[in-house]
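Colleague: The structure follows.
The values are calculated or read from the model by the stated rules, or taken from the named source; none is laboratory data. Owing to the predicted nature of the structure, the values given are computational and were not obtained by experimental measurement. Backbone-built Cβ (ideal geometry, glycine too); neighbour counts: all protein chains shown.
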Amino acid sequence: MAAVEAGKEIKWMRNILTEFGYPPSYASTLFIDNKSGIEVTKNPEHHGHMKHQNLQHYWFRNAVQHSVIVLVYASCQNVADLFTKAVQSQVIRFTVPKLGSTP
């Protein structure tokens, strides 16, 4: 659902840029840290196994299939992972400097 909401924002930005006379010439990249969400979007056969379906999911899948939005898996760049799951030392070294300095 978060990816669909981000996709709506991307679509809005692309539309407003087009109205201003700067149509995007390439796909917009959306970084997602959920591999199963990416697979459901890219492979339509998974939609039959989902308990709930929403028309927004079909719109989002269509945007991905037509290369308006490109999904990229990027879990190691998510700073919140430090607080929500067990992470490797390389993730800790990446995220701790991004949390800010201590007095």
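Colleague: Name the single residue that is modelled with the highest pLDDT among those in region 18-57 being part of a helix (DSSP H, G or I), of a type in the set (Ser, Thr, Tyr) and surrounded by fewer than 12 Cβ atoms within 10 Å (Cβ to Cβ).
Modeller: Looking at the filtered set, the residue picked out is Thr18.
Colleague: Follow-up. Output the number of the condition that Ser67 fails; it satisfies all remaining conditions of (1) of a type in the set (S, T, N, Q); (2) touching an Asp or Glu at 6+ places or on another chain (Cβ under 9 Å); (3) modelled with pLDDT of 75 or more.
Modeller: Condition (2) is where Ser67 drops out.
Colleague: May I ask you to say which residue of Asn15, Asn62 is modelled with pLDDT under 90, in a helix (DSSP H, G or I) and surrounded by 11 or more Cβ atoms within 10 Å (Cβ to Cβ)?
Modeller: Asn62
Colleague: Another one. Looking only at region 70-103, which residues are over 30 Å from Leu17 (Cβ atoms), at pLDDT 80 or above and not in a helix (DSSP H, G or I)?
Modeller: Ala86, Gln88
Colleague: In region 8-30, how many are over 22 Å from Tyr58 (Cβ atoms) and hydrophobic (A, V, I, L, M, F, W, C)?
Modeller: 3
Colleague: Among (1) of a type in the set (Asp, Glu); (2) surrounded by 13 or more Cβ atoms within 10 Å (Cβ to Cβ); (3) modelled with pLDDT of 85 or more, there is one condition Glu9 misses while meeting the rest; what is its number?
Modeller: Result: Glu9 passes all but (2).
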